[in-house]
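Submitted below is the structure of interest, expressed as structure tokens.
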Amino acid sequence: MTMPKMAANLSMLFNEVPFMDRFDAAAKAGFKGVEFLFPYAFNLDEIAEKLQKNNLELVLHNLPAGNWEAGERGIACHPDRVGEFQDGVGKAINAAKKLGVKQVNCLSGPVLPDVSEDKLRATFVDNLKFAAGKLKAEGIRLVTEPVNTFDMKNAFLNRTQQAVDIIRDVGSDNLFIQYDIYHMQRMEGELANTIKANLPLIKHMQLADNPVRNEPGTGEINYHFLFKFIDDIGYDGWIGCEYKPKTTTVEGLGWLKEYGVK
């Protein structure tokens, strides 16, 4: 039994230090992989240097998702922002190539009150088709993430089967699911069977416990069972630790040893 590979999410972990210092902190804590939301506001050469210095793999970042600081959480289903989305794909490719990233994530964005569900879905499908093709040409995988509608109000993509259906309609061999255990526990539960049923499409996972999104062991999810189950069914990708530490990041990392993962 190998147990899943854990990547520190530097947007949520090690917030005790500035962003550029979190790579050092993650490596010191024993992580071999890291992920974060976006690289676009930072100096890519500095990030690359931090990754190399600490022998870290950057396993994932997101496509540009609108004005995050203003509360936007994705634009991929918005028909009036297709040009912005397509420009963002170019920015993501540039960053990913500089940073050695092999996969990027696409957030759908929220439902718009004045746009029909059919139009939102068609826009999302077309944008994913565009992004999957452009990324495939550069050897980069595209994943898309269903998220819960409690934390991300009115998120268009919010369930696993919905993602499966959209991937089918996109028709690309370069589009997969980012399965966030926390988000899907909130939306649908049935974690183990859902992961197993869709394992061929799941190329990245993320975790946090429920209900308050702290580290494993602080909530209702049975991670002792789930980690072993994920390993037994053959998942060999990364799991991003995208949780809010209950106290400090380092104080909360005891769960890694407790659950026998690294």
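The values are calculated or read from the model by the stated rules, or taken from the named source; none is laboratory data. Here the structure is a predicted model, which means the values were calculated and not measured. Neighbour counts are summed over all protein chains in view; Cβ atoms, including those assigned to glycine, are modelled from backbone coordinates with ideal geometry. All accessible areas refer to the heavy atoms of the entire protein, side chains included, with ligands and DNA or RNA removed. Shrake-Rupley method; radii C 1.70, N 1.55, O 1.52, S 1.80 Å.
Can you pull out the residues in segment 37-91 that are in contact with a Lys or Arg (Cβ under 9 Å, 6 or more places away or on another chain), in a helix (DSSP H, G or I) and of a type outside the set (D, E, K, R)?
Across segment 37-91, the qualifying residues are Leu44, Ile47, Ala48, Pro79, Gln86, Val89, Gly90.
Let me ask you something else. Are any residues in segment 82-106 in contact with a Ser or Thr (Cβ under 8 Å, 6 or more places away or on another chain) and open to solvent by less than 10 Å² (accessible area, probe 1.4 Å), and if so, which ones?
Asn105, Cys106 - these are the residues of segment 82-106 that are in contact with a Ser or Thr (Cβ under 8 Å, 6 or more places away or on another chain) and open to solvent by less than 10 Å² (accessible area, probe 1.4 Å).
Would you confirm whether or not segment 68-84 contains a residue that is basic (Lys, Arg) and under 21 Å from Ile166 (Cα atoms)?
Looking through segment 68-84, at least one residue is basic (Lys, Arg) and under 21 Å from Ile166 (Cα atoms).
Could you please find all residues in segment 143-180 being open to solvent by 30 Å² or more (accessible area, probe 1.4 Å), charged (D, E, K, R) and modelled with pLDDT of 95 or more?
Listed by number, the residues that qualify are Arg159, Asp165, Arg168, Asp169, Asp173.
Restricting attention to segment 130-142, report how many residues are surrounded by fewer than 24 Cβ atoms within 10 Å (Cβ to Cβ) and in a strand (DSSP E or B).
1
Check off (1) of a type in the set (Ser, Thr, Tyr); (2) farther than 14 Å from Ser108 by Cα; (3) part of a loop (DSSP other than H, G, I, E, B) for Thr149 and give me the number that stays unchecked.
Looking at each condition in turn, Thr149 falls short on (2).
Same structure again: Could you run through segment 198-221 and say how many residues are loosely packed, with under 15 Cβ neighbours inside 10 Å and not charged (D, E, K, R)?
Here the count works out to 3.
Within segment 107-129, track down each residue that is open to solvent by 60 Å² or more (accessible area, probe 1.4 Å), in contact (Cβ under 8 Å) with a residue 24 or more places away in the chain and of a type outside the set (Lys, Arg).
Step one: filter segment 107-129 for residues open to solvent by 60 Å² or more (accessible area, probe 1.4 Å), giving 111, 113-114, 116-119, 121, 126, 129.
After this cut, where a residue has to be in contact (Cβ under 8 Å) with a residue 24 or more places away in the chain as well, the list is 111, 119, 121, 126, 129.
If the condition is that a residue be open to solvent by 60 Å² or more (accessible area, probe 1.4 Å), in contact (Cβ under 8 Å) with a residue 24 or more places away in the chain and of a type outside the set (Lys, Arg), then Val111, Asp126 are the ones that fit.
Taking the residues in segment 51-72 that are buried (at least 18 other Cβ atoms within 10 Å of the Cβ) and over 18 Å from Arg22 (Cβ atoms) as candidates, determine which candidate is nearest to the chain's Cα centre (by Cα).
Applying the filter and picking the extreme gives Leu63.
Sticking with this one: When the residues of segment 1-29 are filtered to those that are modelled with pLDDT under 95 and open to solvent by less than 70 Å² (accessible area, probe 1.4 Å), which remaining residue is farthest from Leu63 (Cα to Cα)?
Here the residue is Met3.
A follow-up question, please. Give segment 42-84 a look and list any residue that's without any contact (Cβ under 8 Å) to a residue 40 or more places away in the chain and of a type in the set (Asp, Glu), or say none.
Glu46, Glu49, Glu69, Glu72, Asp80, Glu84
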